[in-house]
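Beneath this line is the structure, given in structure tokens, with notes to follow.
Any read-out appearing in this document is the output of simple, stated calculations on the displayed coordinates, not a laboratory observation. For clarity, every value in this text was computed on a predicted model and none was experimentally measured.
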Amino acid sequence: MPAEEEVAVEDTFDMTPVASSQIAAVGYGAKSRELRVEFNNGALYAYSGVPENVYQNLAHAASPGSYFHSAVKNAGFPFVRIA
């Protein structure tokens, strides 16, 4: 029996600019539950398994950097640098 192939979930990510000294823009893929965060230095990271409400709160936070650190980074979501 052949091994099962991993099927990639195709998703779209509309990046939303945010007013932050650390973060340039954030985007979310509802199908994949993936949060993408572009930092002001140009680095782009993908965080897996993030609930949509966390993305919404991040996109509208008075301090996106502070919210990101408390609700995403410190929450331990798996991540990878993609650019």
* In sequence order, what are the phi-derived ³J(HN,Hα) couplings for region 21-35 according to the Karplus relation 6.51 cos²θ - 1.76 cosθ + 1.60 with θ = phi - 60°, rounded to whole Hz, with x for glycine and proline? -> 7, 10, 10, 8, 7, 9, x, 9, x, 5, 5, 8, 6, 10, 9
* Helix-derived [θ] at 222 nm for the chain: sum -39500 (n - 2.57) over DSSP H runs of at least 4, divide by residue count, nearest 500? -> -3500 deg cm²/dmol
* Asked: Counting only residues 5 or more places away or on other chains, whose amide H sits under 5 Å from the amide H of A25 once H atoms are built in the peptide plane?
  -> V18, E38
* Given Cα pairs under 8 Å that are at least 6 residues apart, what percent is the relative contact order of region 15-83? -> 31 percent
* In terms of the ratio Rg/(2.2 N^0.38 Å) built on C-alpha atoms, what value belongs to the chain? -> 1.16
